[in-house]
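First up is the structure itself, then whatever we jot down about it.
The values are calculated or read from the model by the stated rules, or taken from the named source; none is laboratory data. Given the structure is predicted, the values throughout are model-derived calculations rather than measurements. Every residue, glycine among them, receives a Cβ derived from its backbone with ideal geometry; neighbour counts consider all protein chains shown. Accessible surface areas use protein heavy atoms only, side chains included; no ligands, DNA or RNA. Shrake-Rupley method; radii C 1.70, N 1.55, O 1.52, S 1.80 Å.
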Amino acid sequence: MSAIETVLKEDRVFPPSEEFVKQANISGMEAYKALCAKAEQDYEGFWRDLANEHISWHKPFTQVLDESKAPFFKWFADGELNISYNCIDRHLKDKADKTAIIFEKDDGTSEKITYQQLHDKVCEFANALKSLDVQKGDRVIIYMPMITEAVIAMQACARIGAIHSVVFGGFSAGAVKDRIKDAAAKVIITANESVRGGKRTPLKATVDEALANGDCPSIEKVIVFKRTDTEVAWTDNRDVWWHDIIKGQSTVCEPEVMNAEDTLFILYTSGSTGKPKGVEHHIGGYLLGAILSMNWVFDYKPSDVYWCTADVGWITGHTYICYGPLAVGATQIVFEGVPTYPDASRFWQMIEKHKVTTFYTAPTAIRSLIKLGADLPEKFDLSSLRLLGSVGEPINPEAWMWYYEKVGGSRCPIVDTWWQTETGSNMIAPIPGAFPTKPGSCTLPLPGIMVDIVDETGNSVPNGQGGSLVIRRAFPSLLRTVYNDDNRFVSTYFPEEFGHKLYLAGDSAARDEDGYIRIMGRIDDVLNVSGHRLGTMEIESALVAHPLVAEAAVVGKPHDIKGEAVVAFVMLKGDRPVGEEAQKIAAELKAWVAKEIGKIAQPDDIRFGENLPKTRSGKIMRRLLRSLAKGEEVTQDTSTLENPQVMEQLSQSI
Ligand code: WT7
């Protein structure tokens with residue numbers, strides 16, 4: 001059965017309640033259609049009006065879209081603004097005492113800060129950065145735990161015009177080093193340790209390792225936030241404590257006046273080839289995407305208690321923690337811990353405790369919580385919830401139904417939001433007060449987002465037929481380029497095959513009879529493991545860097561909880577190992593990948609062969625490996641293989 005037949009089996013439709021529709025920011029299908037029609041008729045006017053309505057400009061823009069150097073598009077190019085001003089200062093007039101962040105620590109205690117306090121802390125830290133000579137345009141790496149200070153660090157960079165590049169706290173020294181080097185970062189902000197699920201991770205020691213041997217000469221300072229009492233090694237002249245450098249700093253720091261097309265941040269993400277790409281987002285367009293989706297998709301209301309469970313190391317944490325909720329003046333939760341600590345009711349207990357109204361999480365978390373305690377939500381008062389969200393991978397209809405019934409009490413719309421690091425904000429997602437939802441479908445494109453599904457020649461495919469997901473027109477929050485690599489930007493996202501005109505998302509998708517979109521998966525060599533994006537080639541490169549390994553091929557296989565699991569087919573330089581020896585080497589290779597990239601990339605399954613299945617021209621037959629990984633019977637003719645005997649070897653898990 002093909003992927004599309006499987007997903008289309010669930011065909012129930014869930015309209016929003018009358019009560020929800022009544023209060024919704026976009027109420028009813030007609031309102032949605034009217035917005036879409038406006039975008040169709042006057043694309044630039046549509047975006048111009050929204051940008052004027054929702055953003056506080058220091059100097060208004062006169063030009064909306066500049067396509068003269070397409071696909072290097074510019075939006076609101078002569079406008080001036082500061083995103084930190086938009087996220088903080090503009091709320092101080094009437095919301096200075098409103099809670100901006102409720103920080104819940106791993107141990108269950110929580111602290112609140114108001115918009116005024118957030119302002120003061122951001123300014124203090126921004127001034128501290130300036131005192132270290134961080135200037136507009138400098139790159140700053142942020143390698144932090146999920147604590148309020150991570151948001152403060154990002155906002156402070158944005159305030160002074162420095163470009164942040166957040167590196168997920170689970171990445172290893174090698175990954176940190178690659179990113180520092182590519183960005184030529186001047187400063188890195190970290191913590192002595194992170195605390196998650198009762199466990200401590202030594203972030204500062206990892207930074208030291210990344211900087212060892214003079215490998216990252218661009219780094220001048222390492223700022224260390226003291227999260228725990230654990231002592232860390234110290235390099236005088238280079239390392240400074242967060243609490244020391246903010247001492248005596250003023251709580252006023254005038255926001256730097258920035259151009260709408262100045263770079264806000266670089267965020268590295270995996271692709272099918274090479275090292276992770278530095279996806280570059282610019283200020284004005286990105287901010288607009290964040291605000292609109294808060295209003296349209298999350299139906300933001302001032303009384304909301306909003307909670308996105310992502311980590312700021314990913315795009316979701318950028319747009320739906322650091323920027324979007326603050327830009328609309330929301331009260332939000334920043335959570336340091338994990339959903340399973342101290343037990344699998346943590347999320348439900350926190351929703352009850354903080355009276356969360358809007359809850360945004362990932363299918364992998366939902367699936368693992370179903371497994372660990374499907375009945376646990378019933379034990380808590382979840383009546384504060386009014387909207388649920390899902391992001392990162394397709395949500396299987398079973399998980400959707402459980403989320404809808406057990407968590408949302410069959411009362412809350414679920415917004416299944418499709419988007420990417422590159423798109424900056426939600427692209428295809430339900431407008432909850434307008435669309436009936438269908439389990440497993442991210443529904444329809446947001447107004448102004450010209451999504452299509454096309455065949456190899458770029459022509460739209462009919463409903464019911466699978467194809468490649470593309471976006472036909474540039475939109476404000478789309479990445480502007482790949483940092484330091486314009487060619488890669490063009491070849492990856494605006495490829496020649498579509499005349500450099502269509503944005504290629506890299507996903508396959510299909511529409512049903514109502515035009516509702518279902519995402520079927522990646523069309524490139526990118527895996528989605530627990531909602532995290534991993535390039536197979538990155539993992540292969542890590543494996544072949546091990547002294548024992550001659551060759552490796554990595555593919556994904558379906559996994560109940562993670563969505564996809566990593567399977568590595570490995571040929572050693574020496575003999576093919578068997579028995580205990582194979583187990584020992586497999587464990588060593590898993591630990592190696594964790595060290596090279598991070599634990600998230602560690603193969604779940606390693607299989608050894610005397611060789612890998614190749615065509616006579618020497619190409620690794622990945623399709624065949626995918627079948628082997630799934631344990632499927634190989635129906636393909638293997639007689640053309642140079643070495644058919646390895647098939648038997650590679651079908652065996654250790
Ligand atoms: C890829 C982007 C978007 C923020 C988190 C991941 C997959 C994302 C969905 C969804 C089906 C989804 C796609 C996409 N994806 N959301 N709702 N339904 N698939 O960002 O790491 O840039 O990954 O995640 O394959 O291309 P990312």
Number of positions in segment 74-90 that are crowded, with 24+ Cβ neighbours inside 10 Å and among the aromatic types (F, W, Y)
2
Somewhere in segment 188-206, is a residue within 26 Å of G535 (Cβ to Cβ) and surrounded by fewer than 21 Cβ atoms within 10 Å (Cβ to Cβ)?
yes
Just one of the numbered conditions (1) in contact (Cβ under 8 Å) with a residue 60 or more places away in the chain; (2) open to solvent by 50 Å² or more (accessible area, probe 1.4 Å); (3) more than 17 Å from Q652 (Cα to Cα) is not true of R626; which one?
(3)
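Just name the residue that is nearest to the ligand (Cβ to nearest atom) out of those in segment 447-457 that are assigned to a loop (DSSP other than H, G, I, E, B) and open to solvent by 10 Å² or more (accessible area, probe 1.4 Å). Spell out how you get there, then give the answer.
So in segment 447-457, the residues assigned to a loop (DSSP other than H, G, I, E, B) come out as 447-450, 455-457.
Now drop any that are not open to solvent by 10 Å² or more (accessible area, probe 1.4 Å), which leaves 449-450, 455-457.
Values: I449: 14, M450: 17, D455: 19, E456: 19, T457: 22 Å.
Among residues in segment 447-457 that are assigned to a loop (DSSP other than H, G, I, E, B) and open to solvent by 10 Å² or more (accessible area, probe 1.4 Å), the one nearest to the ligand (Cβ to nearest atom) is I449.
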Please go through segment 60-106 and give me each residue that is part of a loop (DSSP other than H, G, I, E, B), in contact (Cβ under 8 Å) with a residue 40 or more places away in the chain and of a type outside the set (D, E, K, R), ordered by number.
F61, A70, P71, F72, F73, F76, A77, G79, N82, I88
Grab the strands (runs of 3 or more DSSP E) fully contained in segment 465-577, keeping just those with 2 or more residues being away from the ligand (no atom under 16 Å from the Cβ) and either among the β-branched types (V, I, T) or open to solvent by less than 10 Å² (accessible area, probe 1.4 Å) (or both).
549-559, 563-572
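Please count how many residues of segment 117-143 are open to solvent by less than 10 Å² (accessible area, probe 1.4 Å) and in contact with a Gly (Cβ under 9 Å, 6 or more places away or on another chain).
First, pick out the residues of segment 117-143 that are open to solvent by less than 10 Å² (accessible area, probe 1.4 Å): 118, 122-123, 125-126, 128-129, 134, 140-143.
Next, only the ones that are in contact with a Gly (Cβ under 9 Å, 6 or more places away or on another chain) stay: 142-143.
Residues in segment 117-143 being open to solvent by less than 10 Å² (accessible area, probe 1.4 Å) and in contact with a Gly (Cβ under 9 Å, 6 or more places away or on another chain): 2 in total.
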Which ranges mark the strands (runs of 3 or more DSSP E) fully within segment 345-437 that have 3 or more residues being among the hydrophobic types (A, V, I, L, M, F, W, C)?
387-391
Before we move on, is V257 touching a residue at least 60 places away in the same chain (Cβ under 8 Å), among the hydrophobic types (A, V, I, L, M, F, W, C) and surrounded by fewer than 23 Cβ atoms within 10 Å (Cβ to Cβ)?
yes
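So which residues in segment 365-390 are of a type in the set (V, I, T) and open to solvent by 20 Å² or more (accessible area, probe 1.4 Å)? Write out each step before concluding.
Step one: of segment 365-390, the residues of a type in the set (V, I, T) are 366, 370.
Residue satisfying the conditions is I370 alone.
Take R411 and decide whether it is away from the ligand (no atom under 11 Å from the Cβ), more than 17 Å from the chain's Cα centre (by Cα) and open to solvent by 10 Å² or more (accessible area, probe 1.4 Å).
In short, yes.
Does Q63 count as farther than 24 Å from Y320 by Cβ and either polar (S, T, N, Q) or at pLDDT below 95 (or both)? Before you say what the answer is, go through the steps one by one.
On the way: farther than 24 Å from Y320 by Cβ: yes; either polar (S, T, N, Q) or at pLDDT below 95 (or both): yes.
Criteria met by Q63.
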Segment 24-59: number of residues that are surrounded by 12 or more Cβ atoms within 10 Å (Cβ to Cβ) and assigned to a helix (DSSP H, G or I)
22
Subset of segment 391-408, residues within 11 Å of the ligand (Cβ to nearest atom) and open to solvent by 10 Å² or more (accessible area, probe 1.4 Å), comes to V391, G392, E393, P394, N396
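Kindly check whether there is at least one residue in segment 318-334 that is under 30 Å from D416 (Cα atoms), within 16 Å of the ligand (Cβ to nearest atom) and surrounded by fewer than 17 Cβ atoms within 10 Å (Cβ to Cβ). Before the answer, list the steps.
Of the residues in segment 318-334, the ones under 30 Å from D416 (Cα atoms) are 318-334.
Now drop any that are not within 16 Å of the ligand (Cβ to nearest atom), which leaves 318-325.
Checking the rest, the ones that are also surrounded by fewer than 17 Cβ atoms within 10 Å (Cβ to Cβ) come to none.
Checking segment 318-334: not a single residue is under 30 Å from D416 (Cα atoms), within 16 Å of the ligand (Cβ to nearest atom) and surrounded by fewer than 17 Cβ atoms within 10 Å (Cβ to Cβ).
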Just checking, does segment 427-436 include any residue being open to solvent by 10 Å² or more (accessible area, probe 1.4 Å), within 24 Å of the chain's Cα centre (by Cα) and among the aliphatic types (A, V, I, L, M)?
no
If I filter segment 426-438 for residues that are within 16 Å of the ligand (Cβ to nearest atom), in contact with a helix residue (DSSP H, G or I) (Cβ under 6 Å, 6 or more places away or on another chain) and either among the aromatic types (F, W, Y) or modelled with pLDDT of 95 or more (or both), do I get at least one hit?
yes
